[in-house]
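**Student:** Here it is, the structure, as structure tokens.
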Amino acid sequence: MDSTEEKIVARLKEALAKGDVATLQYMLSFTANFYQMADNIKTYEKYLACGYTDKPSFDKYGWIDNYKKVEANAEKISVFEDGSKKLSVEVLQLANGKWVSGIDLMLAESGCLCGASIWNKQYNTRHEAYMAACETAMKDIQSSSNKNDKKYISYVKKKMAESLQLSLF
């Protein structure tokens, strides 16, 4: 159990001890299964911390899904595509005005898929988020065991330089 879940347990115990019906109703509205309830509360409160205000909504299995609607709006930017190898960056502006990013990288023997998410590090500008995603992709490419993948580093560097030039205007 992580510290966030421990805090949720402590809140639940405190609400039970005090007979705090409003808090208990709030917590139980996230489902009766403890693990699902803790995960739903953690996710919903992260969603709220990103500046969103919608009431919780759930999928047919009882998992909170507000954030999925947000993440579906991420802008996808192609960095390179070479046959089955590709890199695209996702950037997303949150309701709080901050930006997050993610990458979809496919190489010869490895890859990484981590879309723009409310859980990702937040940046002040779209450019910062984009550059951070490109840096992450370059590290992944550099660590590839396939030497032919190394050529894609220059592709990423070129796109980063183009983005830097654009950001100056």
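**Student:** Within the range 12-56, can you find the residues that are closer than 30 Å to Leu92 by Cβ, among the basic types (Lys, Arg) and outside any loop (DSSP other than H, G, I, E, B)?
**Tutor:** Answer for the range 12-56, where residues must be closer than 30 Å to Leu92 by Cβ, among the basic types (Lys, Arg) and outside any loop (DSSP other than H, G, I, E, B): Lys42, Lys46.
**Student:** Of the residues Lys13, Lys46, which single one is open to solvent by 80 Å² or more (accessible area, probe 1.4 Å) and of a type outside the set (Asp, Glu)?
**Tutor:** On the way: Lys46 fails: open to solvent by 80 Å² or more (accessible area, probe 1.4 Å).
Going through Lys13, Lys46 in turn, the sole match is Lys13.
**Student:** When you check Glu71 against the structure, is it within 11 Å of the chain's Cα centre (by Cα) and either more than 18 Å from Glu162 (Cα to Cα) or modelled with pLDDT under 95 (or both), yes or no?
**Tutor:** Values: within 11 Å of the chain's Cα centre (by Cα): yes; either more than 18 Å from Glu162 (Cα to Cα) or modelled with pLDDT under 95 (or both): yes.
Judged against the criteria, Glu71 is a match.
**Student:** Next question, about the same structure. Would a scan of the range 115-136 turn up a residue that is more than 28 Å from Thr53 (Cα to Cα), more than 15 Å from the chain's Cα centre (by Cα) and not aliphatic (A, V, I, L, M)? Give the steps one after another, and end with the answer.
**Tutor:** At the first step, the residues of the range 115-136 found to be more than 28 Å from Thr53 (Cα to Cα) are 131, 134-136.
Restricting the remaining residues to those that are more than 15 Å from the chain's Cα centre (by Cα) gives 131, 134-135.
Imposing the further condition that a residue be not aliphatic (A, V, I, L, M) reduces the set to 134-135.
Within the range 115-136 (the criterion being more than 28 Å from Thr53 (Cα to Cα), more than 15 Å from the chain's Cα centre (by Cα) and not aliphatic (A, V, I, L, M)), the answer is yes, since at least one residue qualifies.
**Student:** Between residues in the range 34-45 that are at pLDDT 90 or above and residues that are of a type in the set (Phe, Trp, Tyr), which pairs lie under 6 Å by C-beta distance while being six or more apart or on different chains?
**Tutor:** Asn40/Phe30; Ile41/Phe30
**Student:** Out of Asp82, Asp104, Asp65, which single residue is in contact (Cβ under 8 Å) with a residue 40 or more places away in the chain and of a type in the set (Asp, Glu)? Quick ask: steps written out before the conclusion?
**Tutor:** Values: Asp104 fails: in contact (Cβ under 8 Å) with a residue 40 or more places away in the chain; Asp65 fails: in contact (Cβ under 8 Å) with a residue 40 or more places away in the chain.
Just a single option satisfies the conditions, and that option is Asp82.
**Student:** Asp65 - would you say it is closer than 30 Å to Thr43 by Cβ and either more than 19 Å from the chain's Cα centre (by Cα) or at pLDDT below 95 (or both)?
**Tutor:** Details: closer than 30 Å to Thr43 by Cβ: yes; either more than 19 Å from the chain's Cα centre (by Cα) or at pLDDT below 95 (or both): yes.
Yes, satisfied.
**Student:** Testing Tyr61 on (1) within 30 Å of Met160 (Cα to Cα); (2) open to solvent by 80 Å² or more (accessible area, probe 1.4 Å); (3) hydroxyl-bearing (Ser, Thr, Tyr), one condition comes back false. Which one is that?
**Tutor:** The one condition Tyr61 does not meet is (1).
**Student:** Within 18 Å of Leu164 (Cα to Cα) and β-branched (Val, Ile, Thr): is that true of Ile141 in this structure?
**Tutor:** Values: within 18 Å of Leu164 (Cα to Cα): no; β-branched (Val, Ile, Thr): yes.
So Ile141 does not fit the description; no.
**Student:** Tell me which residues, restricted to the range 156-165, are touching a residue at least 24 places away in the same chain (Cβ under 8 Å) and open to solvent by 30 Å² or more (accessible area, probe 1.4 Å).
**Tutor:** Here is the first cut: in the range 156-165, the ones touching a residue at least 24 places away in the same chain (Cβ under 8 Å) are 156, 159-160, 163-164.
Result: Lys159, Leu164.
The values are calculated or read from the model by the stated rules, or taken from the named source; none is laboratory data. What you see is a predicted model; the values in this text were computed from it and never measured. In this analysis, Cβ positions are derived from the backbone assuming ideal geometry, glycine residues included, and neighbour counts consider all displayed protein chains. Accessible surface is based on the protein model in full, side chains and every heavy atom, while ligands, DNA and RNA are left aside. Shrake-Rupley method; radii C 1.70, N 1.55, O 1.52, S 1.80 Å.
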